[in-house]
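Report on one structure; see the data block that follows.
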Amino acid sequence: MNGLYRHLSMLEAKAEPFVLVTVTEVQGSTPREGGAKMVVTREASFATIGGGQLEFTAIETARQLLDGNAVQPVTRKYPLGPTLGQCCGGQVSLLYEVQRPATLRLGLFGAGHVARALVGKLGDVPCRIDWYDPRAEEFPASVPDHVAKHVTEKLEAGIAALAPGAFVLIMTHDHPLDLALTAAALKRPDLPFIGLIGSATKRARFQSRLRGMGFSDEDLSRIVCPIGLPGITGKQPGVIALAVAAQLLQAAEGTPGLRHWDKEDVSWALPPNA
């Protein structure tokens, strides 16, 4: 069983969907006892519920659930002899629990006031956050289970380590570092959301410097700056964090109309220690 949980942890870290298959009830002669479990992904399976045609059918059913829209647990009963042709002849009930990764995966760079407030706002939201800053003292003592703290000087390596499809928010204490991280994120076309905290002035300056690095206007159009939903103009860290959290959730659900930097009423100043 320990090996099973290790696989579950690995799948969670990779944000790979899977189905947990559990033997919930047995009658008569069966290959495994109640409580036996296995994990099924689209490409592999781990542990066993007894092998044979029962396990083959369970793997096939699990992958059908993964390929569909199933989110609720599913229970199936299998008379082993009449249905599956197994000689043990008993009956097994299997519970299929589909586990899909959080829609929102976020690489958060910087642990200042806004970042700390944002992590608080996302505390109860199904998501995974990889949180980077070289200053260990800036992180809170405890964070939600879905937040991983990374104390490192090599923040650009954090950009490279993000899973495809992850969102990026850049809000460090250092503008040159923000620029380097933005450039690193732009080099990855598989990162769909690159948010940069700051005003329209900061955006313009960064665009000029990034063009000098060889980035095109199409590349620069991927940057979301200022960040946060339009119409929320408060500059307190908690207000900004709330606006940004809502914007991230909209983006994760594919809602259009996220970028609002052309509007004159949303030029946010960078808060101290953002």
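Coordinate-derived values only; no laboratory data. In this text, all values refer to a predicted model and were calculated from it rather than measured experimentally. Glycine gets a Cβ as well: all are built from the backbone with ideal geometry, and neighbour counts include every protein chain shown.
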Inset, instruction - Could you pull out every residue, at least 5 positions away or on a different chain, whose amide H is within less than 5 Å of the one on residue 167? Hs are placed 1.01 Å off N in the peptide plane, and Pro or chain starts have none. - result: 105, 106, 107
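Taking the Cβ of residue 140 as the center, what net charge do the other residues with Cβ under 12 Å away carry, scoring Lys and Arg +1 and Asp and Glu -1?
Details: positive: 116, 149; negative: 133, 137, 138.
Net local charge, residue 140 excluded: -1.
If you restrict to DSSP beta bridges whose two residues both lie in the chain, what percentage is antiparallel, to the nearest 5? If you can, show how the numbers build up before the last one.
Working: 22 of 43 bridges.
Counting only bridges with both partners in the chain, antiparallel ones make up about 50 percent.
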Legend entry - Inter-label distance, nm, simple model (7 Å from Cα along the C-beta direction), residue 204/residue 145: 4.8 nm
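Evaluate the charge dipole of the chain about its Cα centre and quote only its size in Debye, nearest 20, assuming +1 on the Cβ of each Lys and Arg and -1 on the Cβ of each Asp and Glu. Before the final figure, lay out each step's value.
Details: 27 positive and 27 negative charges, 38 e Å.
For the chain, the charge dipole is close to 180 debye.
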Legend entry - Listed residues 110, 120, 51, most fluctuating in the chain (Gaussian network, C-alpha, under 10 Å): 51
Legend entry - Amide H within-cut-off set for residue 90, under 5 Å, with H built and near neighbours excluded: 29, 80, 81
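Restricting to Cα pairs below 8 Å that are 6+ residues apart, what does the relative contact order work out to for the chain? Please round to a whole percent. List each step's numbers first, then the result.
On the way: 495 pairs, mean separation 39.9, N = 274.
Value for the chain: 15 percent.
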Legend entry - Rg [Å, one decimal], Dmax [Å, integer] - region 183-224, C-alpha atoms: 9.7, 27
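Relative contact order of region 191-258: what whole-number percent is it, with Cα pairs under 8 angstrom and at least 6 residues apart? Let's see the in-between values first.
Details: 57 pairs, mean separation 21.8, N = 68.
Taking the mean separation of contacting Cα pairs over the length of region 191-258, I get 32 percent.
In which sequence would 96, 5 go, from the one with the fewest C-beta neighbours within 10 Å to the one with the most?
Numbers: 96 21, 5 12.
Lowest count first: 5, 96.
Give, rounded to the nearest 20 debye, the magnitude of the charge dipole that region 104-252 has about its Cα centre when Lys and Arg contribute +1 at Cβ and Asp and Glu contribute -1 at Cβ. Could the numbers behind the result be given before it?
On the way: 16 positive and 14 negative charges, 61 e Å.
Charge dipole of region 104-252: 300 debye, to the nearest 20.
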Legend entry - Restraint check, 121/149; 121/235; 154/187; 154/235; 187/235, Cα-Cα greater than 20 Å: 154/235; 187/235
Inset, instruction - Any chance you could get the radius of gyration and Dmax over the Cα atoms of region 104-252, in Å? - result: 14.2, 41
Legend entry - Charge dipole of the chain about the Cα centre (unit charges at C-beta), most positive-ward option of 242, 28, 212: 212
Inset, instruction - Report the dimensions of the chain along its three principal axes from the alpha-carbon atoms, largest first, rounded to Å. - result: 74, 37, 33
Legend entry - Rounded to whole Hz, the Karplus (6.51, -1.76, 1.60) HN-Hα couplings of region 240-246, x for glycine and proline: 4, 4, 5, 5, 6, 4, 5
